[in-house]
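See structure below.
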Amino acid sequence: MRTLEDEITVAIAVDLAILKPHQRLSFAGLDQYRRVVEVRGVPELAAKIAESFAPYAVFDGDQVLRYPAIAPFIAQTLYAIPIELRRGACDRDRQKACDARDRMARLISSLLLGRYRFEALKHVGASCHANWDAAFEARFGKTSG
């Protein structure tokens with residue numbers, strides 16, 4: 001059986017793996033010719049990763065948050081990833097790139113789990129419930145995020 005940490009790590013790894021090449025290069029601070037440029041696209045990537053946590057209730061202490069509320073923390077975490085590791089995820093060698101993405105995913109998930117507590121929402125995902133917001137508020141009450 002997979003643990004919650006494994007599920008979160010895999011969700012982040014998938015998000016990093018399916019990035020379009022130009023998004024991956026801009027996050028690594030490289031242009032199309034692999035020259036060093038300014039890092040771009042971090043907030044968009046953070047929002048995309050945060051969307052992976054839609055089927056979870058995210059707790060910050062006793063306060064329950066929806067997934068968009070953790071995007072700023074994910075953005076901070078993405079900026080904190082060493083540039084060498086980001087550029088490793090753009091390596092032409094697929095195995096090296098995959099290893100770098102997996103290391104980034106483990107780093108991001110460990111920081112997320114150190115800050116927040118995740119609880120899976122059973123049968124209350126956006127894809128399987130007609131009114132997800134009402135179901136979320138019925139289970140957890142009024143929240144921020």
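Summary table
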| quantity | calculated |
| --- | --- |
| Qualifying position, being more than 20 Å from Ala100 (Cα to Cα) and modelled with pLDDT of 95 or more, among Ala69, Ala75, Ala47 | Ala47 |
| Residues satisfying the stated conditions in the range 56-65, i.e. touching a strand residue (DSSP E or B) at 6+ places or on another chain (Cβ under 7 Å) and either at pLDDT below 85 or open to solvent by 60 Å² or more (accessible area, probe 1.4 Å) (or both) | Gln63 |
| Residue count for the range 31-45, restricted to those that are under 21 Å from the mean Cα position of the chain (by Cα) and either of a type in the set (Gly, Ala, Ser) or open to solvent by less than 50 Å² (accessible area, probe 1.4 Å) (or both) | 4 |
| Qualifying residue in the range 71-83 (condition: assigned to a helix (DSSP H, G or I), β-branched (Val, Ile, Thr), within 18 Å of Leu25 (Cα to Cα) and under 13 Å from the mean Cα position of the chain (by Cα)) | yes |
| Scan of the range 92-136 for residues that are at pLDDT below 75, within 17 Å of Ala69 (Cβ to Cβ) and either of a type outside the set (Gly, Ala, Ser) or not in a loop (DSSP other than H, G, I, E, B) (or both), ordered by number | Trp132, Asp133, Phe136 |
| Which listed residue is free of Cβ contacts under 8 Å to residues at least 12 places away in the same chain, surrounded by 15 or more Cβ atoms within 10 Å (Cβ to Cβ) and touching a helix residue (DSSP H, G or I) at 6+ places or on another chain (Cβ under 9 Å), from Ala75, Ala105, Ala97 | Ala97 |
| First in the range 44-66 and without any contact (Cβ under 8 Å) to a residue 60 or more places away in the chain and assigned to a strand (DSSP E or B), second anywhere and open to solvent by 40 Å² or more (accessible area, probe 1.4 Å) and of a type in the set (Lys, Arg), Cβ under 9 Å, 6 or more apart | Asp60/Arg115; Asp60/Arg117 |
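The values are calculated or read from the model by the stated rules, or taken from the named source; none is laboratory data. Everything quoted here is computed from the prediction, not taken from an experiment. Positions of Cβ are generated from backbone atoms using ideal geometry, with glycine treated the same way; all protein chains shown enter the neighbour counts. Ligands, DNA and RNA are stripped out before the accessible areas are found, and what is left, the full protein with its side chains, is counted by its heavy atoms. Shrake-Rupley method; radii C 1.70, N 1.55, O 1.52, S 1.80 Å.
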